[in-house]
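Coordinate-derived values only; no laboratory data. The structure presented is a predicted model; accordingly, all values stated were derived computationally and were not measured.
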Amino acid sequence: MITRLKLATATTLLATVALAGCATTPDANNTAVNTVGTATNIGMSVFKAAVDTTCRTEIEKQKAWRLAKVAMSAQQQEDAKTRVCGCVSEQAPQQVGIVEMTNAAIDSKYRTQLVTQVVAKSLQSCYGSIVR
């Protein structure tokens with residue numbers, strides 16, 4: 001009888017530990033996934049902000065922009081820049097992979113080069129589609 005009681009107790013204890021382990025695993029996984037997701041979102045937000053800033057600088061160098069802005073008010077210029085650079089910023093994540101983003105997070109020189117490349121690839125197409 002004592003052996004059966006010990007066996008039942010041990011089985012119950014083992015089942016409890018096993019179920020508790022299963023119950024905590026998704027939370028631990030969700031926490032890890034949420035942490036990675038949050039870090040990725042923050043990194044992408046920083047990347048997009050850098051793209052927007054670079055875009056605003058680069059658009060001023062464009063001959064077409066210099067000609068077009070003569071006919072615009074300051075508010076119209078700002079609105080056009082916001083639309084064009086918003087387009088560039090939205091296209092940016094599609095042009096970079098996880099390895100590039102990781103390298104950009106680690107190396108500021110690489111990040112600057114990556115942002116410049118992304119802006120160069122998208123600026124003309126976004127400018128052409130928005131400012132007509």
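How much length would be gained if the chain were fully extended between Ala105 and Ala49, taking 0.36 nm per residue of separation minus their Cα-Cα distance, in nm to one decimal?
Working: separation 56, 0.36 × 56 = 20.16 nm, distance 1.36 nm.
Extra length from Ala105 to Ala49 when fully extended: 18.8 nm.
Among rounded, prolate and oblate, which fits the stretch 54-132 when a ≥ b ≥ c are the square roots of the eigenvalues of its C-alpha gyration tensor, a/c under 1.5 means rounded, and a/b larger than b/c means prolate? Write down the numbers at each step before the final one.
Working: a/c = 2.81, a/b = 2.30, b/c = 1.22.
In terms of gyration-tensor shape, prolate.
Mind listing the phi-derived Karplus ³J(HN,Hα) values for the stretch 62-76, rounded to whole Hz, using 6.51, -1.76 and 1.60 with θ = phi - 60°, and x for any glycine or proline?
6, 4, 4, 5, 4, 6, 5, 6, 4, 8, 10, 6, 4, 5, 5
Mind checking which lysines have their C-alpha under 25 Å from Lys61, skipping anything on the same chain fewer than 8 residues away?
Lys48, Lys69, Lys81, Lys109, Lys121
Using 0.36 nm per residue of separation minus the Cα-Cα distance, give me the extension gain between Gln113 and Glu90 in nm, one decimal. Let's see the in-between values first.
On the way: separation 23, 0.36 × 23 = 8.28 nm, distance 1.81 nm.
Here the answer is 6.5 nm.
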